[in-house]
Amino acid sequence: MRVCGVELKGAEAVLCLLDYKVESFYLPDCRQQSMPAPKIGETEATRKFYFAFQKLMEDYKVDHVVIIERHHKGKFAGSAASFKLEALIQLCEQDVSLISPGTIKAQLKRNPPMADFDAMGLKKFQKPAFEAAYAFHNEQIFGQPEE
């Protein structure tokens with residue numbers, strides 16, 4: 001199963017592809033590491049983002065998209081643009097789910113990646129997106145961690 005982890009931050013969607021085959025994980029190459037958000041109110045730019053994201057998912061045969069949840073209120077609340085991006089991504093043909101930071105942390109604690117992040121060839125800003133995809137895969141394979 002190929003998963004695209006997405007972190008919505010600021011005015012962009014940060015992406016990381018992760019695949020699981022033959023009982024091991026690997027990171028397929030991807031032509032984009034992030035996608036800029038369209039400005040609020042720009043209909044044509046919004047359509048372009050949607051179609052570009054959908055095309056990227058089709059081209060890389062992504063089965064599932066997992067987005068890191070953001071707070072709705074308070075100091076660390078997500079921006080209006082990030083919630084707009086979330087809605088556009090949820091309209092795509094792939095299965096889409098949200099994953100909480102707590103679930104990511106629990107899955108990483110339960111089954112930490114065996115490889116050093118720096119050796120994976122990803123950019124530093126992709127780490128949260130990678131962790132989301134990795135945690136989602138672990139949840140599918142091993143289930144929820146026991147408290």
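The values are calculated or read from the model by the stated rules, or taken from the named source; none is laboratory data. Here the structure is a predicted model, which is why all the values come from computation and not from measurement. All Cβ positions, even for glycine, are placed from backbone atoms using ideal geometry, and neighbour counts span all protein chains on display.
Only one of (1) free of Cβ contacts under 8 Å to residues at least 24 places away in the same chain; (2) out of contact with any Gly (no Cβ under 8 Å at 6 or more places or on another chain); (3) not aliphatic (A, V, I, L, M) fails for Phe25. Which number is that?
The number of the failed condition is (1).
Looking at Lys61, is it within 14 Å of Lys9 (Cβ to Cβ) and of a type in the set (Lys, Arg)?
no
For Ala77, are the conditions met, namely being among the small types (Gly, Ala, Ser) and at pLDDT below 90?
Against the criterion (among the small types (Gly, Ala, Ser) and at pLDDT below 90), Ala77 qualifies.
Could you please find all residues in the range 89-145 being closer than 22 Å to Phe76 by Cα and in a strand (DSSP E or B)?
Listed by number, the residues that qualify are Ser97, Leu98, Ile99.
Testing Arg31 on (1) at pLDDT 90 or above; (2) closer than 28 Å to Gly102 by Cβ; (3) out of contact with any Gly (no Cβ under 6 Å at 6 or more places or on another chain), one condition comes back false. Which one is that?
Result: Arg31 fails condition (2) only.
A quick yes/no check of all residues on (1) touching a residue at least 60 places away in the same chain (Cβ under 8 Å); (2) closer than 16 Å to Cys16 by Cα; (3) touching a strand residue (DSSP E or B) at 6+ places or on another chain (Cβ under 8 Å):
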position: Val66; (1), (2), (3): yes, yes, yes
position: Lys73; (1), (2), (3): no, no, no
position: Gln90; (1), (2), (3): no, no, yes
position: Leu98; (1), (2), (3): no, yes, yes
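Looking at (1) more than 14 Å from the chain's Cα centre (by Cα); (2) of a type in the set (Asp, Glu); (3) surrounded by 19 or more Cβ atoms within 10 Å (Cβ to Cβ), find the lone condition where Glu131 falls short.
Of the numbered conditions (1) more than 14 Å from the chain's Cα centre (by Cα); (2) of a type in the set (Asp, Glu); (3) surrounded by 19 or more Cβ atoms within 10 Å (Cβ to Cβ), the odd one out for Glu131 is (1).
I'm told Ala80 meets every condition in (1) surrounded by 12 or more Cβ atoms within 10 Å (Cβ to Cβ); (2) aliphatic (A, V, I, L, M); (3) farther than 14 Å from Ala133 by Cα except one. Can you identify the failing condition by its number?
(1)
Just for the range 22-48: of the residues that are basic (Lys, Arg) and either part of a helix (DSSP H, G or I) or under 18 Å from the mean Cα position of the chain (by Cα) (or both), which one is nearest to Glu58 (Cα to Cα)? Don't jump to the end; show me each part of the working.
Filtering the range 22-48 for residues basic (Lys, Arg) gives 31, 39, 47-48.
Within this subset, residues satisfying the condition of being either part of a helix (DSSP H, G or I) or under 18 Å from the mean Cα position of the chain (by Cα) (or both) are 31, 47-48.
Details: Arg31: 13, Arg47: 16, Lys48: 15 Å.
Filtering the range 22-48 for residues that are basic (Lys, Arg) and either part of a helix (DSSP H, G or I) or under 18 Å from the mean Cα position of the chain (by Cα) (or both), the one nearest to Glu58 (Cα to Cα) comes out as Arg31.
So, in the range 109-128, of the ones that are under 15 Å from the mean Cα position of the chain (by Cα) and not charged (D, E, K, R), which residue ends up farthest from Val6 (Cα to Cα)?
Checked the range 109-128; the qualifying residue farthest from Val6 (Cα to Cα) is Leu122.
Identify the single condition in (1) surrounded by 13 or more Cβ atoms within 10 Å (Cβ to Cβ); (2) in contact (Cβ under 8 Å) with a residue 24 or more places away in the chain that Ile40 does not satisfy, given that it satisfies every other one.
With respect to (1) surrounded by 13 or more Cβ atoms within 10 Å (Cβ to Cβ); (2) in contact (Cβ under 8 Å) with a residue 24 or more places away in the chain, Ile40 is out only on (1).
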